[in-house]
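**Student:** Okay, here's the structure, questions in a sec.
The values are calculated or read from the model by the stated rules, or taken from the named source; none is laboratory data. Everything quoted here is computed from the prediction, not taken from an experiment. We place every Cβ from the backbone using ideal geometry, glycine too, and count neighbours over all the protein chains shown. Heads up: the accessible areas ignore ligands, DNA and RNA and are worked out on the full protein's heavy atoms, side chains in. Shrake-Rupley method; radii C 1.70, N 1.55, O 1.52, S 1.80 Å.
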Amino acid sequence: MFKLGLILMLVALVAAVALGLVNSRTAPIIAVQKELEKQNAMNEVAASLSPGDSLAFDSLSVSGLGNPYAVCDNTLDVVKVSVPPDTSRIGYVFIAYGKGYSSTIQTMVATGLEGRVSNTTILYQQETPGLGANVENPSKLIGSFNGLIPSEFILKNDGGGIDAMTGCTITSRAVTNSIRTGLEAMNEAGLFTDRTDESENPEGTVMESSTEGGVE
Amino acid sequence: MSLVKDLTNGIYRENPVFKLALGMCPFLAVTTSVENALGMGAAATFVLICSNFLVSLFRNLIPSKVRIPCYIVIIATFVTLVDMVMNAYLPDLHKSLGIFIPLIVVNCIILGRAEGYANRHPVINSVADAIGMGIGFTMAMVILASFRELLGNGTWLNMNVLGTAYQNQPLLIAILAPGAFILLGFILGFFNILEKRKGGGQ
Amino acid sequence: MNATVLLTTLLATPESGSQGFDLGKMMAIIIASIFVNNFVLSRFLGICPFLGVSKQLDSAVGMGAAVIFVMTLATLGSWTVYNLLLVPMGLSYLRTIAFILIIASLVQLVEMILQKFSPALYKALGIFLPLITTNCAILGVAVLNIDEKYSLGYSLVNAIAAGIGFTLALVLMAGLRQKLELADVPPALKGKPVAFLVAGLMSIAFLGFAGLGG
């Protein structure tokens, strides 16, 4: 009886050692890949903030920033975008987390200083293939986000102006609402108060008028 | 103990999915696209070959009473290996297969062949059996995935086959959960007809 | 042990501290795991016993009960081992091995208990009892709980709900198949094919739950 347990333990030990070895080889590669993926995504979304320039991303610690993503056990991390060697910010990038139909969808959002979304991309989703999974296609839903301000992130089904994807209300709602709550948290922390600073934001005046029209 | 027989057994005569009804869970879940089916098939075949090899190699050393847990540890180790290597070198496939990579552990085919064949046959035969079963499993998945991807998405291996007009209004149910069940039901019925014909023709 | 301390422990994850006890979230998990994302009809986990044991209503209920029991205990064991042992030691890649060993031991335990206290059910379940070890649904729910980063409390709720969903699908299937035995099915479709077609129709019905619970 004891011998049987010992043999099982031996097998398990050999297995654990083998896995430990492989893990030490693959874990760094996986970590590097994840980081690279994130960098690529950030470059892709933030490109529209300053086309043609190479960008620098620095994480911001913002006091007073609430965490609307605590419900799905994630944190709202804001990254500041700047064009080196200038360190002044030209916009922000953050990841929005929303509980979709069958997964927590991660959307990377780039916004300008005035809170207007410049581009989004889906980082992770495990929604229904052929239906919710199509949210990755920019022409389906996230394409309509460009240029919108936080209060406009509501589906038509919920009284707003954004068209959900056909047959994928849950997925569409998850993405849309998660972006809105993230933007609202950033707004409340005072990140979007730079709209009056015209030297940093040439679109300042345009923003003012459309804000009035957008708030209904 | 013909080697060729062991090899070809799993492809039709004892096809793990259609004849032995093993490995249903990943079979139905992963066949939303031919690409996923091939990826899963390759991963499962790799684990099957490795586990059959080791189980057969140590068949006289592992005591009978504790053999099932031992087999499970061996299988789980290879599955974790596949998981780590895929995550590092094939991240997109790893993302698509998602939770079904760790679930290769409970793929009844692997434990079934270890318990039902590899622990009683020499190494070479066991490996041949594993290859055959793996090919059979992959083929079965590609067949179902072909139906599901063509009908539900209009593509095959991501190549546009039925045209963009079809892609705007595909038979979505094929790619959703019910489609897998229904299409499998019809495929099994088709195999039943084939069997009857063979039996009647004698 | 103080009730508050117990509750806080149940609801905490080592990473993010207490997740609190949100009744809404609990209901959402329950409805999702039983109906919207039913483990059998939607996630394709647990098909082997679903087909194998669903011919008789009594064995279906018995199997369902056994699965709920194993799922809950397996989740308890796997969550604890993962979050309190593997992760702090940086050994999270050993989770598959650890989980499956926990499940295998639990199934052995259930076998012994059933053999002693309910030999009739033990006989009825036959080979499918040890096969609970390879029931994708049990390993599936353990892994899903980790991936969704649920606290222990929510994980247990999810496990029980998943088990109930599995039992529901199993019992419905058993009832239908008992009727199917007497129906006039085309010879080519008799047996497994028509069972899958019926499962497909059930799956379509369960699709109707999408959106329930928000």
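Here's the yes/no breakdown for (1) over 28 Å from C:Phe69 (Cβ atoms); (2) over 20 Å from the mean Cα position of the chain (by Cα):
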residue: C:Ala142; (1), (2): no, no
residue: C:Gly153; (1), (2): no, no
residue: C:Phe166; (1), (2): no, no
residue: C:Leu180; (1), (2): yes, yes
residue: C:Ala183; (1), (2): yes, yes
residue: C:Ile204; (1), (2): yes, yes
residue: C:Ala210; (1), (2): yes, no
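**Student:** Sticking with this one: Look through the range A:129-153, keep the residues that are in contact with a Ser or Thr (Cβ under 7 Å, 6 or more places away or on another chain), part of a loop (DSSP other than H, G, I, E, B) and within 28 Å of B:Gln167 (Cα to Cα), and return whichever of them is least open to solvent (accessible area, probe 1.4 Å).
**Tutor:** Start the filter on the range A:129-153 by keeping residues that are in contact with a Ser or Thr (Cβ under 7 Å, 6 or more places away or on another chain), which leaves A:129, A:132, A:135, A:141-142, A:145-146, A:149, A:153.
Then drop every residue that is not part of a loop (DSSP other than H, G, I, E, B), which leaves A:129, A:141, A:146, A:149, A:153.
Subset that is within 28 Å of B:Gln167 (Cα to Cα): A:129, A:141, A:146.
On the way: A:Pro129: 50, A:Leu141: 0, A:Asn146: 75 Å².
Among residues in the range A:129-153 that are in contact with a Ser or Thr (Cβ under 7 Å, 6 or more places away or on another chain), part of a loop (DSSP other than H, G, I, E, B) and within 28 Å of B:Gln167 (Cα to Cα), the one least open to solvent (accessible area, probe 1.4 Å) is A:Leu141.
**Student:** Name the residue, out of C:Ala188, C:Ala161, C:Ala174, C:Ala195, that is in contact (Cβ under 8 Å) with a residue 24 or more places away in the chain and within 9 Å of chain B (Cβ to nearest Cβ).
**Tutor:** Details: C:Ala188 fails: in contact (Cβ under 8 Å) with a residue 24 or more places away in the chain; C:Ala161 fails: within 9 Å of chain B (Cβ to nearest Cβ); C:Ala174 fails: within 9 Å of chain B (Cβ to nearest Cβ).
Testing whether each residue is in contact (Cβ under 8 Å) with a residue 24 or more places away in the chain and within 9 Å of chain B (Cβ to nearest Cβ) leaves just C:Ala195.
**Student:** On to the next question. Give the number of residues within the range A:3-59 that are on the phi > 0 side of the Ramachandran plot and in contact (Cβ under 8 Å) with a residue 12 or more places away in the chain.
**Tutor:** Of the residues in the range A:3-59, the ones on the phi > 0 side of the Ramachandran plot are A:52.
Okay, now just the ones that are also in contact (Cβ under 8 Å) with a residue 12 or more places away in the chain, so none.
Counting residues in the range A:3-59 that are on the phi > 0 side of the Ramachandran plot and in contact (Cβ under 8 Å) with a residue 12 or more places away in the chain gives 0.
**Student:** Now for a separate question. Filter the range B:11-43 down to the residues that are of a type in the set (Ser, Thr, Tyr) and open to solvent by 40 Å² or more (accessible area, probe 1.4 Å) and list them by number.
**Tutor:** The one that is of a type in the set (Ser, Thr, Tyr) and open to solvent by 40 Å² or more (accessible area, probe 1.4 Å): B:Tyr12.
**Student:** From the residues in the range B:162-182 that are more than 8 Å from chain C (Cβ to nearest Cβ) and closer than 28 Å to B:Cys25 by Cβ, which one is most open to solvent (accessible area, probe 1.4 Å)?
**Tutor:** So in the range B:162-182, the residues more than 8 Å from chain C (Cβ to nearest Cβ) come out as B:162-172, B:174-175.
Remaining after also requiring closer than 28 Å to B:Cys25 by Cβ: B:170-172, B:174-175.
Values: B:Pro170: 35, B:Leu171: 88, B:Leu172: 49, B:Ala174: 4, B:Ile175: 9 Å².
Across the range B:162-182, the extreme among qualifying residues is B:Leu171.
**Student:** I'd like the full set of residues that are open to solvent by 20 Å² or more (accessible area, probe 1.4 Å) and within 8 Å of the chain's Cα centre (by Cα), limited to the range A:96-120. Talk me through it step by step, then tell me what you get.
**Tutor:** Our first condition is that a residue be open to solvent by 20 Å² or more (accessible area, probe 1.4 Å); within the range A:96-120, this holds for A:97, A:99, A:101-102, A:104, A:106, A:116, A:118-119.
Hits for the range A:96-120 are A:Tyr97, A:Gln106.
**Student:** For a quick check of your reading of the model, give me the residue pairs whose first member lies in the range C:119-139 and is without any contact (Cβ under 8 Å) to a residue 24 or more places away in the chain, whose second is not basic (Lys, Arg), with beta-carbon atoms closer than 8 Å and at least 6 apart or on different chains.
**Tutor:** Going by the 8 Å Cβ cut-off, the qualifying pairs are C:Tyr122/C:Glu111; C:Tyr122/C:Leu114; C:Tyr122/C:Gln115; C:Tyr122/C:Leu129; C:Pro130/B:Ile68; C:Pro130/C:Val107; C:Pro130/C:Glu111.
**Student:** Can you name the condition, by its number, that C:Thr134 falls short on among (1) away from chain B (no Cβ under 14 Å); (2) of a type outside the set (D, E, K, R); (3) within 22 Å of B:Cys108 (Cα to Cα)?
**Tutor:** Of the numbered conditions (1) away from chain B (no Cβ under 14 Å); (2) of a type outside the set (D, E, K, R); (3) within 22 Å of B:Cys108 (Cα to Cα), the odd one out for C:Thr134 is (1).
**Student:** Let me ask something else. Those residues that are under 18 Å from B:Leu103 (Cα atoms) and either among the acidic types (Asp, Glu) or within 14 Å of chain C (Cβ to nearest Cβ) (or both), I need them from the range B:49-73; list them, please.
**Tutor:** B:Ser51, B:Ile68, B:Pro69, B:Cys70, B:Tyr71, B:Ile72, B:Val73
**Student:** Take the range C:30-48 and flag every residue that is open to solvent by 10 Å² or more (accessible area, probe 1.4 Å), assigned to a helix (DSSP H, G or I) and more than 9 Å from chain B (Cβ to nearest Cβ).
**Tutor:** Answer for the range C:30-48, where residues must be open to solvent by 10 Å² or more (accessible area, probe 1.4 Å), assigned to a helix (DSSP H, G or I) and more than 9 Å from chain B (Cβ to nearest Cβ): C:Ile30, C:Ile31, C:Ala32, C:Ile34, C:Phe35, C:Val36.
**Student:** To continue, here is another question. Out of the helices (runs of 4 or more DSSP H) lying entirely within the range B:86-191, which hold 1 or more residues that are touching a Phe, Trp or Tyr at 6+ places or on another chain (Cβ under 9 Å) and within 30 Å of B:Leu57 (Cα to Cα)? Break it down into steps so the answer makes sense when it comes.
**Tutor:** On the way: elements: B:91-97, B:108-113, B:123-153, B:163-168.
Answer list for the range B:86-191: B:108-113, B:123-153.
Conditions tested, residue by residue: (1) open to solvent by less than 30 Å² (accessible area, probe 1.4 Å); (2) in contact (Cβ under 8 Å) with a residue 40 or more places away in the chain.
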| residue | (1), (2) |
| --- | --- |
| B:Leu48 | yes, yes |
| B:Ile68 | no, yes |
| B:Met86 | yes, yes |
| B:Ser96 | no, yes |
| B:Ile109 | yes, yes |
| B:Ala118 | yes, yes |
| B:His121 | no, yes |
| B:Met133 | yes, yes |
| B:Leu150 | no, no |
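**Student:** Same structure again: Name the one entry in C:Ser59, C:Ser92 that is modelled with pLDDT under 85, open to solvent by less than 40 Å² (accessible area, probe 1.4 Å), out of contact with any Asp or Glu (no Cβ under 9 Å at 6 or more places or on another chain) and of a type in the set (Ser, Thr, Tyr).
**Tutor:** From the options C:Ser59, C:Ser92, the qualifying one is C:Ser59.
**Student:** Inside the range A:154-184, can you point out the residues that are open to solvent by 60 Å² or more (accessible area, probe 1.4 Å) and assigned to a helix (DSSP H, G or I)?
**Tutor:** Taking the range A:154-184 and keeping what is open to solvent by 60 Å² or more (accessible area, probe 1.4 Å), we get A:156-159, A:163, A:166-167, A:173, A:184.
A:Lys156, A:Asn157, A:Asp158, A:Arg173, A:Glu184, listed by residue number.
**Student:** Another question, if that's okay. Would you please name the residue that is farthest from the other protein chains (Cβ to nearest Cβ), looking only at residues in the range A:20-54 that are open to solvent by 50 Å² or more (accessible area, probe 1.4 Å), among the hydroxyl-bearing types (Ser, Thr, Tyr) and over 15 Å from A:Asn119 (Cβ atoms)?
**Tutor:** Only one residue tops the list, namely A:Ser54.
**Student:** Check B:Thr77 against each of (1) among the polar types (S, T, N, Q); (2) open to solvent by 40 Å² or more (accessible area, probe 1.4 Å); (3) modelled with pLDDT of 85 or more; (4) closer than 27 Å to C:Leu106 by Cβ and name the one condition it does not meet.
**Tutor:** So B:Thr77 meets the others, but not (2).
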